[in-house]
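Structure, as structure tokens:
The values are calculated or read from the model by the stated rules, or taken from the named source; none is laboratory data. Nothing here was measured: the structure is a model prediction, and the numbers come from that model. Heads up, the Cβs are rebuilt from the backbone with ideal geometry, glycines too, and the neighbour counts pull from every protein chain shown. Each accessible area value is taken on the protein alone, full model and side chains, heavy atoms only, with ligands, DNA and RNA left out. Shrake-Rupley method; radii C 1.70, N 1.55, O 1.52, S 1.80 Å.
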Amino acid sequence: MRRNASELDKMRKAGKVVAEMHEATRAAIRPGITTMDLNKVAAEVIERRGARSNFLNYHGFPAVICTSPNDMIVHGIPGDYVLRDGDIISVDCGAIVEGYHGDAAYTAGVGEISATAKRLIEVTERSMYAGIDQLTIGNRLHEVGRAVQKVAEAAGFSVVREYVGHAIGTAMHESPQVPNYWPGNPGPVLKEGMVFAVEPMVNVGSFHTYVLEDGWGVMTQDGQLSAHFEHTIAVTANGPEIFTIA
Ligand code: MG
Ligand code: MG
């Protein structure tokens, strides 16, 4: 779907709230705090900005952010997990302003992290930007996944297949999906005003996953680390415009 100027402006506002949730949670990350503490910090931003949460009650999800440590890929429920020195933590945030959605995620280290963890975070973020660079008028959507996959696999990592990015607007998850790998065909032609969430999940080991008994937390099957970065981006005449940055 293509969004007009006033819709894009609302999405820009939602993106700013999400960016502020990132800033606030990033500043709170340190050994000894719980993932529920991070949820509180994010909820305060939503409240302060008069926004609404798109995560809370989404298919029954009980929090305003997802917190996924170490070998958890995405969708972790905030709780009593205490962050430890050497952990990595993926934080996925979303907000609704005037009926329009923003959605973005990052992975951060807690205290001193391993060289592999550092490289995973750096490569995953870089793969996201390589994907975002493909969001230009006239290009094909699945070039995003091709670009993401190239960066991740060149580093010796793998790209998760079962979970993907998505179009976004008046709902958080709209069609079409945005794979983080080349799915075998070029996909839709990109047009001005389309908005997507590009969100690579990159694993140190294999891309295989399983879901925890809580029905939410998605884990790497081999127990190795995973990272996740995401932005909400519009296709514009001036190239990709990222909404979820400060
Ligand atoms: Mg998303
Ligand atoms: Mg997200």
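Taking amide hydrogens as placed 1.01 Å from N in the peptide plane, the amide H of Ile33 sits under 5 Å from those of Leu83, each at least 5 positions away in sequence or on another chain.
The fraction of accessible area contributed by carbon and sulfur in the chain is 50 percent, rounded to a whole number (1.4 Å probe; ligands and nucleic acids excluded).
The spread of Cα positions in the chain, taken along each principal axis and listed from longest to shortest, comes to 46, 42, 30 Å. Here the contact order of region 163-235, divided by its residue count and restricted to Cα pairs under 8 Å and six or more residues apart, works out to 32 percent. Look at the dipole of region 3-122 built from charges on Cβ: of Ser114, Ala27, Met11, the Cα furthest out on the positive end belongs to Met11. 3J(HN,Hα) along region 182-196: 7, x, x, 8, x, x, x, 6, 7, 10, 4, x, 6, 10, 10 Hz, from the Karplus curve 6.51 cos²θ - 1.76 cosθ + 1.60 with θ = phi - 60°, whole Hz, x for Gly and Pro.
Peptides 53-66, 211-224, 9-22 ranked from most to least packed give 9-22, 53-66, 211-224, packing being the mean of other C-beta atoms within 10 angstrom over each peptide's residues. With springs connecting C-alpha atoms under 10 Å apart, model the chain as a Gaussian network and identify which of Ala95, Ala155, Ala130 has the largest mean-square fluctuation. Of Ala95, Ala155, Ala130, the most mobile in the Gaussian network model is Ala155. Each helix, a run of at least 4 DSSP H residues, gives -39500 (n - 2.57); summed and divided by the residues of the chain, these come to -9500 deg cm²/dmol at 222 nm. Overall, the chain carries a charge dipole of about 600 debye about its Cα centre when +1 sits on the Cβ of Lys and Arg and -1 on the Cβ of Asp and Glu, all other atoms neutral.
Accessible surface for the chain, divided over its residues, is 42 Å² per residue with a 1.4 Å probe.
Across Thr124, Thr25, Thr116, mean-square fluctuation computed from a Gaussian network of the chain (C-alpha pairs under 10 Å connected) peaks at Thr116. The spread of Cα positions in region 1-124, taken along each principal axis and listed from longest to shortest, comes to 45, 29, 25 Å. Note on region 124-246: percent of Cα-Cα distances in each 10 Å bin, starting at 0 and stopping at the bin with the largest distance, equals 15, 45, 31, 9, 0.
Its Cα gyration tensor gives region 92-150 an equivalent ellipsoid; the semi-axes, largest first and in whole Å, are 25, 21, 6. Annotation: peptides 183-191, 75-83, ranked by per-residue average of other Cβ atoms within 10 Å with the highest first, follow the order 75-83, 183-191. Just how many % of Cα pairs in region 173-233 lie over 18 Å apart, if you round to the nearest whole percent? Of all Cα-Cα pairs in region 173-233, 51 percent lie more than 18 Å apart.
In whole percents, the pair-distance distribution calculated for region 64-207 from its alpha-carbon pairs, binned every 10 Å from zero, is 12, 40, 34, 13, 2.
Once you reduce region 1-52 and region 151-216 to the center of their Cα atoms, the two points are 21 Å from each other. Remark: relative contact order (the chain) = 23 percent; criterion is Cα-Cα distance under 8 angstrom and separation of 6 or more residues. In region 1-122, Cα pairs under 8 Å separated by at least six residues give a relative contact order of 29 percent.
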